[in-house]
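The values are calculated or read from the model by the stated rules, or taken from the named source; none is laboratory data. As the structure is a computational prediction, the values presented were derived from the model and not from experiment. Backbone-built Cβ (ideal geometry, glycine too); neighbour counts: all protein chains shown.
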Amino acid sequence: MTKLIKFLHTMGAIGFAGAIAAQLVLVSLTPEPAQLAEYALMRAGIAAVSKWILFPSMAAVVVSGLLAMAFNPAYHDVFWAWIKLLFGIAVFEGTLVGVHGPVMREAAKAAEALAGKIPVSELGHTMHNESGAMLTILAVAVLNVVMGVWRPRSLGLFKP
């Protein structure tokens, strides 16, 4: 069971980081909202990555991480595991609030603008914030992986 949980955690982390990286590339290639058809198509693609890769991967990481901590008593008494848990919560919340939510809202607004329901001027105001949020979340996720791989002991706060 432990190996299955670790496998799911690793695969989820790979999917999560890959999805964030893909979204960063797509956001950087997204044309201005004035090119409405292309903008809406790109925003739909970014939202699809969020819906089908980012969100499920994040769920796999969170659930498998919590299961690993619950089922492995060795993790209960090590400080790095608790820090990793706090970083995991930050990644989860930050992803929902700073990445997934804005991506899905902007895709919906782009579709509405394409259908003529809202003006084009309401689009594109979140792109800079999205990139910053994605980079921040990716950095914290990488730090979380570093904590899991190297399991730091050098501060005297960590058990071997």
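Condition first: farther than 18 Å from ALA139 by Cα, free of Cβ contacts under 8 Å to residues at least 40 places away in the same chain and of a type in the set (Val, Ile, Thr). Now tell me which residues in region 12-48 satisfy that. Within region 12-48, no residue meets the criteria. Candidates are the residues of region 116-141 that are out of contact with any helix residue (DSSP H, G or I) (no Cβ under 8 Å at 6 or more places or on another chain) and outside any helix (DSSP H, G or I); the one that is nearest to ARG43 (Cα to Cα) is HIS125.
Listed by first and then second residue, the pairs with beta-carbon distance under 8 Å, at least 6 apart or on different chains, first residue in region 138-160 and under 30 Å from VAL25 (Cβ atoms), second in a helix (DSSP H, G or I) and at pLDDT below 80, are MET147/TRP80. Highlighted here are the helices (runs of 4 or more DSSP H) found entirely within region 1-114 that include at least 1 residues which are within 20 Å of VAL149 (Cα to Cα): 2-29, 55-71, 79-94. On the stretch given as region 44-54, residues that are over 10 Å from GLN23 (Cα atoms) and in contact with a helix residue (DSSP H, G or I) (Cβ under 6 Å, 6 or more places away or on another chain) total 2.
The single condition from (1) assigned to a helix (DSSP H, G or I); (2) modelled with pLDDT under 85 that PRO160 fails is (1). What are the residues in region 106-134 that are surrounded by fewer than 18 Cβ atoms within 10 Å (Cβ to Cβ), over 14 Å from LEU26 (Cβ atoms) and within 16 Å of the chain's Cα centre (by Cα), if any? The answer is ASN129, GLY132. The residue pairs whose first member lies in region 65-77 and is at negative phi, whose second member is among the aliphatic types (A, V, I, L, M), and whose beta carbons are closer than 6 Å, counting only pairs six or more residues apart or on different chains, are LEU67/ILE5; ALA68/ILE5; TYR75/MET69; TYR75/ALA81. Residue count for region 23-48 satisfying the condition of being buried (at least 20 other Cβ atoms within 10 Å of the Cβ) and among the aliphatic types (A, V, I, L, M): 3.
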